[in-house]
1. Run A:LEU80 past the list (1) away from every other protein chain (no Cβ under 14 Å); (2) under 14 Å from the mean Cα position of the chain (by Cα) and report the number of the one that doesn't hold.
2. Just one of the numbered conditions (1) on the phi > 0 side of the Ramachandran plot; (2) surrounded by fewer than 16 Cβ atoms within 10 Å (Cβ to Cβ); (3) of a type outside the set (Ser, Thr, Tyr) is not true of A:ALA50; which one?
3. In this structure, is B:ARG34 closer than 24 Å to A:THR81 by Cα, basic (Lys, Arg) and at the interface with another protein chain (Cβ under 9 Å from one of its Cβ atoms)?
4. Which of the numbered conditions does A:ALA24 fail, given that it passes all the others? Conditions: (1) assigned to a helix (DSSP H, G or I); (2) at the interface with another protein chain (Cβ under 10 Å from one of its Cβ atoms).
5. Within segment B:97-115, is there a residue that is charged (D, E, K, R), surrounded by 13 or more Cβ atoms within 10 Å (Cβ to Cβ) and within 13 Å of another protein chain (Cβ to nearest Cβ)?
6. If only one of A:LEU83, A:LEU75 is at pLDDT 95 or above, crowded, with 19+ Cβ neighbours inside 10 Å and not in a helix (DSSP H, G or I), which one is it?
7. Please count how many residues of segment A:62-109 are in contact (Cβ under 8 Å) with a residue 60 or more places away in the chain and small (Gly, Ala, Ser).
8. Would you pick out the residues in segment B:50-64 that are surrounded by fewer than 19 Cβ atoms within 10 Å (Cβ to Cβ) and either among the small types (Gly, Ala, Ser) or more than 10 Å from every other protein chain (Cβ to nearest Cβ) (or both)?
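The values are calculated or read from the model by the stated rules, or taken from the named source; none is laboratory data. Just so it is clear, the structure is predicted and the values come from calculations on it, not from any experiment. Here the Cβ positions follow ideal geometry from the backbone for every residue, glycine too, while neighbour counts run over all protein chains shown.
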Amino acid sequence: MKLETRVNDALVVIIVSTARIDAAAALDFKESVIGQDIGGARRVMLDLSAVTFMDSSGLGAVVSLMKHFAPGVRLELAGLTPLVAKVFRLTRMDQVFVIHDEAPKDEAA
Amino acid sequence: MGSLLDCPGLATPHLRMRLPPRPDAVRDCLIRLRASLHLMGLDEALSNRTEIALAEALNNIVEHAFPAAATGQWISLILQVCDTDLCLELRDNGQPMPQGDPARPPPRLPEGLAEGGYGWPLICKLCSHVGYDRQGGENVLTLAIPRTGAGPMAC
């Protein structure tokens, strides 16, 4: 899965450009994120603004990633589209994750 | 009341689809369904709820009714827009559901930070009716999604 990584000091932003994180994509998504070089960052933020669909498999992958990075690195989320936000609300995962309206802009750009 | 049989008649818009029980086919089905819902004029929030519930139902069927791939396996779906609900009937020729009724006992959200187990709770939170029947070697799952997003949920 194609991902783009942006590093700002202690924060790594991983931009997910796949539209659907579903049962067919969840494992590839998870392994692709784990394969990103996050250096010594303490926070990893998934920019999900291009993700229009996520099912419970995708949600499970995000939870799995949070556990993978913990306790040294905190996984945060940004840019949830309406359907993805609904899945997080219904499963109460919106109470578990730090969720930002949008990822910080790349200052170098 | 949520069953397709209760939905009055031929005038209501409906669509039918048939797919093999594979994750990639589920994805294609959902993409096509989404386009159809848009053409039917359904609002985005209802379309989102429908897509989530249907995805979870289809994923469950693929995973549990068809543990091994074989020829001749199929899932069919009928979607009908009724007065108060959007009604779905899913049939498949896979293995019967072990407990026989997905709505009893009510599925709960998993405790803590589980990596799975969110599928049925999502369906139950989105649907006012969840029914299961085994008819002539086929699983029949019926779902009703309230068009307003309000009202009593199935479980």
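1. With (1) away from every other protein chain (no Cβ under 14 Å); (2) under 14 Å from the mean Cα position of the chain (by Cα) applied to A:LEU80, the lone miss is (1).
2. Unmet condition: (1).
3. Numbers: closer than 24 Å to A:THR81 by Cα: yes; basic (Lys, Arg): yes; at the interface with another protein chain (Cβ under 9 Å from one of its Cβ atoms): yes.
Against the criterion (closer than 24 Å to A:THR81 by Cα, basic (Lys, Arg) and at the interface with another protein chain (Cβ under 9 Å from one of its Cβ atoms)), B:ARG34 qualifies.
4. Tallying (1) assigned to a helix (DSSP H, G or I); (2) at the interface with another protein chain (Cβ under 10 Å from one of its Cβ atoms), A:ALA24 fails exactly one: (1).
5. yes
6. Only one candidate passes the filter, namely A:LEU75.
7. So the count comes out to 2.
8. Across segment B:50-64, the qualifying residue is only B:HIS64.
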